[in-house]
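The values are calculated or read from the model by the stated rules, or taken from the named source; none is laboratory data. Bear in mind that the values here come from a model prediction, so they are computed numbers and not experimental data. Reconstructed Cβ throughout: ideal geometry from the backbone, glycine too, with neighbour counts over all protein chains shown.
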There are 2 protein chains.
Amino acid sequence: MTGQMLLKKIHILVIMLNLLDNFNICSEVMYMKKPVIGVLGATGVVGRHILEILEENNVVFEDIKFFASKKSAGKEIEFKGKKYTVIEAVPDAFEGVNIVLASAGGSTSLALAPEIVKKGAVYIDNSSAFRMDKDIPLVIVGVNDEDIKTHKGIIANPNCSTSQLMLVLKPLHDYAGIKRMIVSTYQSVSGAGLAAINELKENTIAVNEKKTFENKVFKKPIAYNCIPQIDSFCENGYTKEEMKVTNETRKILHLKPDTPISCTAVRVPVFIGHSEAVTVEFEKNITPKKARELLEHAWGVKVIDDTANYDFPTAVMAAGTNPVYVGRIRKDIAFDNAISFWCVADNLRIGAALNTVRIAEKVIEMQVF
Amino acid sequence: MTGQMLLKKIHILVIMLNLLDNFNICSEVMYMKKPVIGVLGATGVVGRHILEILEENNVVFEDIKFFASKKSAGKEIEFKGKKYTVIEAVPDAFEGVNIVLASAGGSTSLALAPEIVKKGAVYIDNSSAFRMDKDIPLVIVGVNDEDIKTHKGIIANPNCSTSQLMLVLKPLHDYAGIKRMIVSTYQSVSGAGLAAINELKENTIAVNEKKTFENKVFKKPIAYNCIPQIDSFCENGYTKEEMKVTNETRKILHLKPDTPISCTAVRVPVFIGHSEAVTVEFEKNITPKKARELLEHAWGVKVIDDTANYDFPTAVMAAGTNPVYVGRIRKDIAFDNAISFWCVADNLRIGAALNTVRIAEKVIEMQVF
């Protein structure tokens, strides 16, 4: 190589480095690690939605693998036009996987997560197993993203009834400070899995045809009925589901640990979509107009609140979509300074799969895997 | 008649008068007027239940007549094995009727009630037309029976969502004093009449068979959905249904007129039976144990609250029965001194027909017609 050619090459190199420096984003993308993604519980209701949303959001990955229990291992899954065989979820199978999106239930997560983390993966968990562990971040993307950076291998995804509330509460809390909250839920059966969906279908048809039906998934008949119990009971008379709303809300919004929050969680004969009647008392004054304005600008939230035209969100409308919908925003007349509202979302999306995928995207963006 | 015979007759008369005096109840029964009863709106959902309960309770009457709109006049109704022709509800037709049990809707009641009262009848009204009129008693039998005696012709029957709550609140209020209340309702479609019942049926079948369906009675599809709106909206953002709970509760329980009570009223895909998630803050301390004990002894109330065996009341169970059921009684964790519970009843019975008949029975017992 002549001296002149060498100088020319050095010159070109300098120009390229300058270019990279000027286009920060470019350089970041160029240096960004792409993860090997594992989807655990891939054949379940939430797992299927995780696949859908990974595809919709065009999440970047080096490779992707699908895991399930022994029972479902060997099944075929189609993803982005390609066929994959479901792998049995044993620790060794996760070798080389960087990010696991898990919706496999509490006991599976308790057993598998630590093993999978040991193998170097970040484990994003949909179960309640780790949510209240003080060393494990509990994250709703758009609310407490920074908590992701504190993870030590496991990141927990909140319970569905909590999740949809967080995106709504965040801007209101930032503005006026939550003092107290009372929640009544109207939760769809899909939160209880495929067997529950089938039980609602079959029980309804049985009632329509005046046939007898024996409920198995639910403790009472779910067709044309409301069941005031989700999950088991705690000593204080609340269900675990209800206490999740209390405890997870406090953790995600970094509220005082004794912030008064109470909930009644009710299963209703709806397939997809949780609704919630919420009353929030605030520290500082906030008008319904201000609350509406804040929510109209909130990320991931859509206000549908046109009482003159009887427009408000419902579960059927929310099913299959990503936003958390809010309506019926009004000054609560039982408190000096409270707002009541009606909050609806697809529990399988924002309440489970969507936020799981969003956490994975943040983990990739922050390169913390 | 000889003097001796006269003395003997006077003696017998004195004995008889003494007997009557000693057996107060007997003398009352002997002197008791039996009313001519009129059932207005006899062909509607609530009207049919009024007939059922009049028969079940074996209500005494001199005669009974059945009234409805021009459209239904001429139809035949069977009552206690006898056939009656439905009479068109015009004022003159009520001549000679003493007690009218009316479930004809607000506008009909507004037009007819004053005319019928002029003809001498007591008009027991199921509509909302007169409930908040300060000169008209609003009564739940077993709660504020004495208010019946103040009537000037019209007695109002409370709204269904209020009615079932009153029998539960009364003993708790007497013991500890209601300070504040937050209610979320889960209301069945039968509260909206026959067309609403049919719409739930047809909409559900359409969804099951993947056919399109156009909702007419409800503002949104009711099948597998929850609709956060019952009745029209007030300026404060609450619906009329919600404000009924606030205002009627204050009136029936003789609370301070500004007692803070707020409600979210929601229509759910249930045929019969309203459920309510209720949080009540009290003036004086009351434990869940004490609340349960009071409710176990309360008239018209049945406690089903066995969380260890997952037993609690539901709408399907309550349908067709008279009690107001209470379960999930617990100390509310969002207040220093509050109780939360789940309250279920047949909205067509305690929420409408049953209490109407009970008022009629009281009117007869008190002989205030």
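Within the set B:Y175, B:Y186, the sole residue that is more than 14 Å from chain A (Cβ to nearest Cβ), in contact (Cβ under 8 Å) with a residue 40 or more places away in the chain, among the hydroxyl-bearing types (S, T, Y) and at negative phi turns out to be B:Y175. Whenever a residue of segment B:150-163 is at positive phi, its partners that are surrounded by 24 or more Cβ atoms within 10 Å (Cβ to Cβ) and of a type in the set (V, I, T), lying with C-beta atoms within less than 7 angstrom and at least six residues away or across chains, give the pairs B:G153/B:V122. Annotation note: of B:S184, B:S109, the sole residue that is touching a Ser or Thr at 6+ places or on another chain (Cβ under 7 Å) and either assigned by TED's automatic domain parsing to the domain that holds B:V324 or not in a helix (DSSP H, G or I) (or both) is B:S184. The residues in segment B:207-221 that are in contact with a Phe, Trp or Tyr (Cβ under 9 Å, 6 or more places away or on another chain) and not in a helix (DSSP H, G or I) can be counted, and the count is 3. The residues on offer are A:N322, A:N285, and the sole one that is within 21 Å of B:I182 (Cα to Cα) and polar (S, T, N, Q) is A:N285. Scanning segment B:79-89 for residues that are surrounded by 13 or more Cβ atoms within 10 Å (Cβ to Cβ) and not in a strand (DSSP E or B) yields a total of 2. Determine if segment A:116-128 includes at least one residue that is in a loop (DSSP other than H, G, I, E, B), touching a strand residue (DSSP E or B) at 6+ places or on another chain (Cβ under 9 Å), more than 27 Å from A:G74 (Cα to Cα) and assigned by TED's automatic domain parsing to the domain that holds A:H49. Among the residues of segment A:116-128, at least one is in a loop (DSSP other than H, G, I, E, B), touching a strand residue (DSSP E or B) at 6+ places or on another chain (Cβ under 9 Å), more than 27 Å from A:G74 (Cα to Cα) and assigned by TED's automatic domain parsing to the domain that holds A:H49, which makes the answer yes. With the condition kept exactly as written, say whether any residue in segment A:141-163 is under 16 Å from A:L255 (Cβ atoms), outside the structural domain of A:V117 (by TED's automatic domain parsing), charged (D, E, K, R) and surrounded by fewer than 22 Cβ atoms within 10 Å (Cβ to Cβ). Checked against the condition, which is being under 16 Å from A:L255 (Cβ atoms), outside the structural domain of A:V117 (by TED's automatic domain parsing), charged (D, E, K, R) and surrounded by fewer than 22 Cβ atoms within 10 Å (Cβ to Cβ), segment A:141-163 yields no hits at all.
Taking the listed residues B:L101, B:L165, the one that is touching a Cys at 6+ places or on another chain (Cβ under 7 Å) and hydrophobic (A, V, I, L, M, F, W, C) is B:L165, with no other qualifying.
With respect to the conditions (1) within 13 Å of chain A (Cβ to nearest Cβ); (2) of a type outside the set (V, I, T); (3) under 25 Å from the mean Cα position of the chain (by Cα), B:N322 falls short on a single one, namely (1). For segment B:149-168, does any single residue satisfy the condition of being within 14 Å of another protein chain (Cβ to nearest Cβ) and of a type in the set (A, V, I, L, M, F, W, C)? No, segment B:149-168 contains no residue that is within 14 Å of another protein chain (Cβ to nearest Cβ) and of a type in the set (A, V, I, L, M, F, W, C). Here B:D258 clears all of (1) out of contact with any Pro (no Cβ under 9 Å at 6 or more places or on another chain); (2) of a type in the set (D, E); (3) under 21 Å from A:G237 (Cβ atoms) except the condition numbered (3). Does B:V278 fit the bill of being facing another protein chain (nearest Cβ under 9 Å) and either closer than 22 Å to A:C234 by Cβ or buried (at least 24 other Cβ atoms within 10 Å of the Cβ) (or both)? It is true that B:V278 is facing another protein chain (nearest Cβ under 9 Å) and either closer than 22 Å to A:C234 by Cβ or buried (at least 24 other Cβ atoms within 10 Å of the Cβ) (or both). Would you confirm whether any residue within segment B:335-347 is on the phi > 0 side of the Ramachandran plot, buried (at least 24 other Cβ atoms within 10 Å of the Cβ) and not in a loop (DSSP other than H, G, I, E, B)? Checked segment B:335-347: no residue is on the phi > 0 side of the Ramachandran plot, buried (at least 24 other Cβ atoms within 10 Å of the Cβ) and not in a loop (DSSP other than H, G, I, E, B). Right, A:K284: within 10 Å of chain B (Cβ to nearest Cβ), modelled with pLDDT of 95 or more and in contact with a helix residue (DSSP H, G or I) (Cβ under 6 Å, 6 or more places away or on another chain) or not? So A:K284 fails the test. Counting only residues that are in contact (Cβ under 8 Å) with a residue 24 or more places away in the chain and either hydrophobic (A, V, I, L, M, F, W, C) or in contact with an Asp or Glu (Cβ under 9 Å, 6 or more places away or on another chain) (or both), segment B:93-111 holds 11 of them. From the list B:A291, B:A319, B:A308, B:A315, the one residue that fits, being within 13 Å of A:G237 (Cβ to Cβ), crowded, with 21+ Cβ neighbours inside 10 Å and either in contact with a Lys or Arg (Cβ under 8 Å, 6 or more places away or on another chain) or modelled with pLDDT of 95 or more (or both), is B:A291. For segment B:29-42, the condition of being at pLDDT 95 or above, assigned to a helix (DSSP H, G or I) and under 23 Å from B:G105 (Cβ atoms) holds for none of the residues.
Within segment B:208-231, being more than 9 Å from chain A (Cβ to nearest Cβ) and free of Cβ contacts under 8 Å to residues at least 40 places away in the same chain holds for B:E209, B:K210, B:K211, B:T212, B:F213, B:E214, B:N215, B:K216, B:V217, B:D231.
Of the residues making up segment A:232-249, those that are within 8 Å of another protein chain (Cβ to nearest Cβ) and either under 17 Å from the mean Cα position of the chain (by Cα) or touching a residue at least 12 places away in the same chain (Cβ under 8 Å) (or both) are A:Y238, A:T246. Can you pull out the residues in segment B:325-338 that are in contact with a Ser or Thr (Cβ under 9 Å, 6 or more places away or on another chain) and at the interface with chain A (Cβ under 10 Å from one of its Cβ atoms)? If the condition is that a residue be in contact with a Ser or Thr (Cβ under 9 Å, 6 or more places away or on another chain) and at the interface with chain A (Cβ under 10 Å from one of its Cβ atoms), then B:G327, B:R328, B:I329, B:R330, B:K331, B:D332, B:I333, B:A334, B:F335, B:A338 are the ones that fit. When you look at A:P260, is it at pLDDT 95 or above and either more than 12 Å from chain B (Cβ to nearest Cβ) or closer than 20 Å to B:V268 by Cβ (or both), yes or no? It is false that A:P260 is at pLDDT 95 or above and either more than 12 Å from chain B (Cβ to nearest Cβ) or closer than 20 Å to B:V268 by Cβ (or both). Against the list (1) of a type in the set (A, V, I, L, M, F, W, C); (2) away from every other protein chain (no Cβ under 11 Å); (3) within 23 Å of A:I227 (Cβ to Cβ); (4) in contact with a helix residue (DSSP H, G or I) (Cβ under 6 Å, 6 or more places away or on another chain), the condition B:I272 fails is (2).
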